[in-house]
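K.L.:
Input: one structure, supplied below.
The values are calculated or read from the model by the stated rules, or taken from the named source; none is laboratory data. Since this is a predicted model, take the numbers as computed values, not measurements. Glycine also receives a Cβ, built like all others from the backbone with ideal geometry; neighbour counts cover every protein chain displayed.
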Amino acid sequence: MSGLSAAFTTDFLISFALIATILIMLGLIVNLYSELSNLKTRYRRMMTGAEGDSIEHMLSKHSSEVTVVANEQMKMDHKISKLEDMASGSLAHAAVIHFDAFEKTGQNLSWCVALLDRNKNGVVISTICGQESERSYAKPIEDGRASSGYKLTREEEQALSQAIRN
């Protein structure tokens, strides 16, 4: 009987080990199921916004809003570009100089004005006033200098320099 007893003991130990392993596995499965249930609950809570919307719906709405804002930004950039182009050609620098063209008058009735854009292009206008007549001259300015073919007077150079500094 000792052989039967040893076989019984071995079978008993194997069965006991199997049952213990099954119970441990069952405990692990219950624990995993509980963790999965908690994760599902947390996931549902996360996927639902404060107003009950799903996160997919909120992201879709946000994406639409971002697209609208991006389109508005492109329109604004285009408008800004147009305004910058307009501003570069608008009056940006000006100066007026009064002077006495004829030393005898002493009233500083003659004058010249320099009108320039941001690129220092524009015109210098001079008016020479005498006792019986008045003459006006306009000379084009390119890049802060008189265009070729035109020579500026001392007063016109002074007005141009002052306008560029302003």
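K.L.:
Just checking, which of Ile14, Ile24 is surrounded by 10 or more Cβ atoms within 10 Å (Cβ to Cβ) and at pLDDT 95 or above?
P.N.:
Going through Ile14, Ile24 in turn, just one is surrounded by 10 or more Cβ atoms within 10 Å (Cβ to Cβ) and at pLDDT 95 or above: Ile24.
K.L.:
hydroxyl-bearing (Ser, Thr, Tyr) and over 30 Å from Glu155 (Cβ atoms): which single residue out of Ser88, Ser60 fits that description?
P.N.:
Going through Ser88, Ser60 in turn, just one is hydroxyl-bearing (Ser, Thr, Tyr) and over 30 Å from Glu155 (Cβ atoms): Ser60.
K.L.:
Which one is surrounded by the most Cβ atoms within 10 Å (Cβ to Cβ) among residues in segment 105-125 that are out of contact with any Ser or Thr (no Cβ under 7 Å at 6 or more places or on another chain) and small (Gly, Ala, Ser)?
P.N.:
Per the criteria, the residue is Ala114.
K.L.:
Sticking with this structure for a sec: Return the total of residues in segment 106-157 being of a type in the set (S, T, N, Q) and within 14 Å of His93 (Cα to Cα).
P.N.:
Step one: filter segment 106-157 for residues of a type in the set (S, T, N, Q), giving 107-108, 110, 119, 121, 126-127, 131, 133, 136, 147-148, 153.
Next, from what is left, pick out any that are within 14 Å of His93 (Cα to Cα): 119, 121.
Matching residues across segment 106-157 total 2.
K.L.:
Hey, another quick one. Give Lys120, Lys75 a once-over and let me know the one that is part of a loop (DSSP other than H, G, I, E, B) and either outside the structural domain of Ser148 (by TED's automatic domain parsing) or in contact with a strand residue (DSSP E or B) (Cβ under 9 Å, 6 or more places away or on another chain) (or both).
P.N.:
Criteria check complete, one pass: Lys120.
K.L.:
For segment 125-142, give me the residue count where each residue is modelled with pLDDT under 90, over 17 Å from Ile97 (Cβ atoms) and of a type in the set (Asp, Glu).
P.N.:
Summing the residues that are modelled with pLDDT under 90, over 17 Å from Ile97 (Cβ atoms) and of a type in the set (Asp, Glu) in segment 125-142 gives 1.
K.L.:
Separate question: Return yes when Ala114 is modelled with pLDDT of 95 or more and either over 32 Å from the mean Cα position of the chain (by Cα) or not in a loop (DSSP other than H, G, I, E, B) (or both) and no when it is not.
P.N.:
yes
K.L.:
Given the residues Ser148, Ser60, which is the only one that is modelled with pLDDT under 90, in a loop (DSSP other than H, G, I, E, B) and among the hydroxyl-bearing types (Ser, Thr, Tyr)?
P.N.:
On the way: Ser60 fails: in a loop (DSSP other than H, G, I, E, B).
None of the other options fit; the residue is Ser148.
K.L.:
Next question, about the same structure. Please go through segment 49-102 and pick out each residue that is under 30 Å from Ile128 (Cβ atoms) and within 28 Å of the chain's Cα centre (by Cα).
P.N.:
Listed by number, the residues that qualify are Gly89, Ser90, Leu91, Ala92.
K.L.:
Might you let me know whether segment 83-103 holds any residue that is more than 20 Å from Arg165 (Cα to Cα), at pLDDT 90 or above and either small (Gly, Ala, Ser) or assigned to a strand (DSSP E or B) (or both)?
P.N.:
Within segment 83-103, not a single residue is more than 20 Å from Arg165 (Cα to Cα), at pLDDT 90 or above and either small (Gly, Ala, Ser) or assigned to a strand (DSSP E or B) (or both).
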